[in-house]
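None of the figures in this text is laboratory data; all of them are computed from the coordinates on show. All values derive from a computational prediction rather than experimental measurement. Counting neighbours? That spans all protein chains shown, and the Cβs are built from the backbone with ideal geometry, glycine included.
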Amino acid sequence: MSNTPVDYALDNTLGIIRVDNPPVNALSQPVREGIIRALEQARTDHSELLLLLCAGRTFIAGADITEFGKPPQAPSLPDVIAALESFPKPVAVALHGTALGGGLELAMACHYRAALPDARLGLPEVKLGLLPGAGGTQRLPRLVGPELALEMITGGAPIRAPQALAAGLLDHMLEGELEPAAVQWAQNLLAQAVPVRPTGERPVPPPAEADFLARHRQQTARKFRGQPAPGYIAELVELALSASLEDGLARERECFLACKASPQSAALRHVFFAERATSKLPDIPADTPLRAVRSAAVIGAGTMGGGIAMCFASAGIPVTLVETRQDYLDNGLEKIRQNYANSVKRGRFTAEAVAGWLATIRGTLDYGDIADVDLVIEAVFENMAVKQEVFRKLDASCKPGCILATNTSYLDVNAIAGATGRPADVIGAHFFSPANVMKLLEVVRAEKTADDVVQTFMKLARTIGKIPVAVGVCHGFVGNRMLQAYGRQAQLLLLEGATPTQVDQAMESWGMAMGPLAVGDLAGLDIGYRSRRDQGIESRSVLESALADTLVEMERLGQKSGAGYYRYDPATRARQADPDVEQLLREIAAQWQVPQREIKDEEIVDRLILALVNEGAAILQEGIAARPSDVDIVYINGYGFPSWRGGPMFHADSLGLDAVVTRLEELRELTGDDCWEPAPLLRKLAAEGNGLESLNGRG
Ligand code: 3H9
């Protein structure tokens, strides 16, 4: 391997530019400069056609995102791309892996494009709060038409090579090994003496339906609220239909720079790195030898257990589902079949793939059948005695070294581990429902969990498609503990004079996927009710659960009973404000002597969000989460927090910790509630003039 990231060599009259910038061949400054140098050399040598390709696992996966917060360094990507498009000799490009963002933009400016069949091509910039800033919005419509271009740029999802070939984004499909196949293809182009063919000189094909942009804007207005990039993208695709390439590129540049400087993009870039950082555990070496996990078992075939079993099966790990009764097992297996069948109907998986996965799931009533598995996940009823009983049986049945995981949302994993003679092998795995869909997985490290068990589980979580976040033991771990503080404020605000509609609308307008009371109704109010009774809290004995307890005792359990905080239209399930609940609130407030007043939306948002921030800071201080960005990832992926706000801890930094501390103190003054005492960590960082970001361990 050469020590510069771009190599140029001649093979007779074929000039080959090879990019080698691991891990994903991002277009860092040395790569951009290397390509310009190679073009300078090729301009005067005896090459007749150039071939550009990449070493390693992928073609260029985009601009180097780490450069975005820094001053620009020449040459810019648009300059490199202009140099390729206007190069006097034909330039061919061969793609493999993921040709994304600036990588695809660069490929689109080359004159001929080929790819291996499993390559994926896309412009995912929108996921970073950006838009393609190096010609993507102008060249993609010229190659594939404005409709598909708009879909690809606003959706951000890549398409596969066969679709790209059919759409006109590729000219040729390569077979076999990348380099020999690409060289062979380039030799053929040479033999045909193909001409230069600048994409920018092509006209944009007219749209099939003239109103496609208006329809698109209407359909996506709600989905993209709060984010500037999607609006600009529609404008730019529209511009591509009428403007010259030059004018289109100039406007694209302006919009790209505006997006790059936006707080939404800074937040989404933070999320990109935060999502990947969760796997890096500060206290466990990355090269810790892992335990092999080739087979798994799940105890309990309920909704959660079934969903977890599907995660393993879909990742190619055979799984045994264990139940106590044949009818429970049969129901559980049937539910799995139905879930898979629905996914096939929706086009998520092929019937063939699903049949293969189903064949790897087997059921049993006998713990003897799981004696040889490498990993067990217990997903029985959320009750300490029941779980400890299961772990005693696992201890007696499973082979030494088997990882024993408990799926719990609140319980003390140390106490569960203590029921076995091998606590080092025990770990918590808090899946979110539906487990086969939700990405988040809280990996709970108990006091005695062995390092290799933690590391193995973190890796395994990625294998089954999850974003794992390592957390410590406390009631509710990271997510549910923060949720409790957040939900408590929602309840207090109701008693102080807000309505469920006002609270939910304030939070939804701010960006939460769903307001807290609507979430409560969706999940079922009986869940919290039961959990409070399990903890020995008497019904209606606590102010912040007085309303919820009363509603449950009136058989208003939420959506499933047609009413909770709201009434639900039986046909449409649309929520409707319920005057009975507002009356009930007035009565409970009077009973508890809570004065009612008019509450502004701003106070609702501040109290709910700052409750998350303050609890998150306490969690960090206690070492329950390793870094603020881990807390952000939990809240974004498990609780509907808007990713374009970066998560609660990133959001606190964007408000400024000084301002956060001041507002917490004001809220303490306003409500007289000690929960608003700023977490010492916030005070300390604010006094130092630092943000929470300083604890993330990234530059
Ligand atoms: C853009 O192109 C703007 C242009 O339109 C205009 C410019 C003027 N930069 O995800 P992985 C790192 S915007 C820097 O774990 P995988 C990543 O952090 C860009 N670093 O691997 C990780 O580091 P670490 C548009 C990057 O195989 C390592 O590479 N492009 C970049 O699961 C491995 O990544 C995108 O948005 C980058 N662009 O997935 C594509 N990409 O090991 C973003 C990755 O230290 N990238 N890294 O944690 C991806 O979607 C995935 O990384 C990819 C590989 C699918 C490529």
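Listed values, structure above:
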read-out	value
Cross-link reach list, lysines versus K387, counting only Cα pairs under 22 Å and skipping chain neighbours closer than eight places	K399, K448
Debye equation applied to the C-alpha atoms of the chain, log10 I(q)/I(0) at 0.05, 0.06, 0.11 Å⁻¹	-0.29, -0.42, -1.27
About the Cα centre, charge dipole magnitude for the stretch 498-591 (Lys/Arg +1, Asp/Glu -1 at Cβ), debye	160 debye
Unpaired by the 4.7 Å Cβ criterion, cysteines found in the chain	C54, C110, C255, C259, C311, C474, C675
Residues I599, I336, sorted so that the one with the fewest Cβ neighbours within 10 Å comes first	I599, I336
Mean Cβ count within 10 Å, highest first, over the residues of peptides 212-219, 225-232, 465-472	465-472, 225-232, 212-219
Among A546, P570, V631 the positive-end extreme of the charge dipole of the stretch 533-659 (Cβ point charges)	P570
Geometric extent, Cα atoms of the stretch 428-575 - Rg, Dmax (angstrom)	17.7, 52
Kirkwood Rh, angstrom, the stretch 62-172 [1 / mean 1/r, Cα pairs]	14.1 Å
Entries of K260/K466; K127/K260; K127/K439; K439/K459 with Cα pairs more than 19 Å apart	K260/K466
Degrees, to the nearest 10: 657-671 long Cα axis against longest axis of the chain	30 degrees
Relative contact order %, the stretch 43-118, counting alpha carbon pairs below 8 Å whose residues are six or more apart	42 percent
q = 0.13, 0.17 Å⁻¹: log10 I(q)/I(0) that the Debye formula gives for the stretch 310-455, counting C-alpha atoms only	-0.61, -1.02
Globularity ratio of the stretch 601-695, using Cα Rg and 2.2 N^0.38 Å	1.00
Cβ-based charge dipole, the chain, positive-most Cα from M512, V390, F59	F59
Loop-located GluC sites (Glu not before Pro) in the stretch 535-616, at most 14 other Cβ atoms within 10 Å (DSSP)	E538, E555, E598
Sequence-separation-based contact order of the chain, relative, with Cα cut under 8 Å and 6+ spacing, percent	9 percent
Fewest-first sequence of M304, M649 by Cβ atoms within 10 Å of each Cβ	M304, M649
